[in-house]
């Protein structure tokens, strides 16, 4: 069963505060720059500057996985708040403005020393695949004392992203948030984020899934990296029962939702006329699903709303909705 609650916030998320720089590209450029198409890699500031100078015309829009999910939730009508770190610079102001403008509370103080605000250089190829190059910047300046205990206590769900699992300080900050969530009766939701995140933190993720996470979001490639020795049906068998809910997205084949009581629900993808950019598809699936969960929808309805939000976002450039997602609630 899903839940409805009177807590002030439906979802509070901890994540990387990143400004996305999106540009259309071709496969030759991806190969020429030694990128692995369709994945995300971390880069330093020098590489970020060099790559930006080679990219074609670009569009800047605030991003970050968990922040995208919150923006989607807010567009659906949910009450949300974000915990993350920007630098006191122009990109940091852009990120804060964009998130607050869509109705997400964001009160984490900016860093005044250290690295600049994070950016993700995203190359979108004609097939809609996105190849991401991320300078993590000020995101790594998020510490345990940045976790607002009051926000966590007032959340129905506390949501975290696997992208933050590289630095000890950000990892500890998220662990603290999850501990506070449990102490205050909130559910813990987590996304594996990317194959490289799983490969770098596989054992820790497996332990978290077993002991800390109530709602897990992942795609087929990520769970294959989580259990590299098994085929997909065997992986689903292993994941079944690990968490209250595991939602595995499988591209145009939709999603499979596993519940602790042994149910396995397949939800079809919502077809689109043309895929422009897959950036944020997983983030928006989580947004739709979590909206449904926090508003008393059943599991199939949660999955259907997640699929509808994911399909909406891939029809245009960028991972923020261009029209209110509330229209999907009555579709």
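In terms of overall dimensions, the chain has a Cα radius of gyration and Dmax of 18.3, 53 angstrom. Among 283-295, 86-98, sorting by the average number of other beta carbon atoms lying within 10 angstrom of each residue, highest first, gives 283-295, 86-98. Looking at the range 40-136 alone, DSSP beta bridges between its own residues are antiparallel in about 50 percent of cases.
By how many nm would the segment from residue 144 to residue 179 lengthen if fully extended, with 0.36 nm per residue of separation less the alpha-carbon distance?
Working: separation 35, 0.36 × 35 = 12.60 nm, distance 1.17 nm.
Taking residue 144 through residue 179 to full extension adds about 11.4 nm, to one decimal.
Per-residue packing, averaged as other Cβ atoms within 10 Å, sorts the ranges 140-149, 300-309, 155-164, 66-75 into the order 66-75, 155-164, 300-309, 140-149, beginning with the highest. Of all DSSP-defined beta bridges confined to the range 109-257, some 40% are antiparallel rather than parallel.
Put the Cα centre of the range 59-84 next to the Cα centre of the range 268-314 and the gap is 14 Å. Peptide packing for 100-111, 24-35 was compared via the average number of neighbouring C-beta atoms within 10 Å per residue; ordered from the highest value, the list is 100-111, 24-35. Going 7 Å from the Cα of residue 36 along its beta-carbon direction, which residues of the range 228-242 have the amide nitrogen within less than 17 Å of the resulting point? Residues 228-229 fall inside that zone. The modelled label-to-label distance between residue 327 and residue 94, using points 7 Å beyond Cα along the C-beta direction, is 2.7 nm. Sorting 250, 134, 80 by the number of Cβ atoms found within 10 Å of their own Cβ, with the fewest placed first, yields 250, 134, 80.
Using 0.36 nm per residue of separation minus the Cα-Cα distance, give me the extension gain between residue 253 and residue 166 in nm, one decimal.
Computed gain between residue 253 and residue 166 is 28.2 nm.
Calculate for the chain the 222 nm mean residue ellipticity that helices alone would give, adding -39,500 (n - 2.57) per DSSP H run of length 4 or more and normalising by residue count, nearest 500 deg cm²/dmol. So the calculated ellipticity at 222 nm is -11000 deg cm²/dmol.
Pulled fully out, how much extra length does the chain show between residue 200 and residue 7, if you take 0.36 nm times their separation in residues and subtract their Cα-Cα distance? Walk me through the intermediate numbers first.
Details: separation 193, 0.36 × 193 = 69.48 nm, distance 3.51 nm.
Working it through step by step, the gained length comes to 66.0 nm.
The calculated FRET efficiency for the pair residue 265 and residue 46, based on their C-beta separation and a Förster distance of 51 Å, comes to about 0.60. Across the range 97-215, the relative contact order, built from alpha-carbon pairs under 8 Å that are at least six residues apart, equals 19 percent. Run through the DSSP bridge list for the chain and note the antiparallel percent, rounded to the nearest 5. The antiparallel proportion sits near 40 percent.
Separation of the range 107-144 from the range 237-263 is 29 Å, based on Cα centroids.
Any read-out appearing in this document is the output of simple, stated calculations on the displayed coordinates, not a laboratory observation. Nothing here was measured: the structure is a model prediction, and the numbers come from that model. Here Cβ is always computed from backbone atoms with ideal geometry, including for glycine, and neighbour counts include all displayed protein chains.
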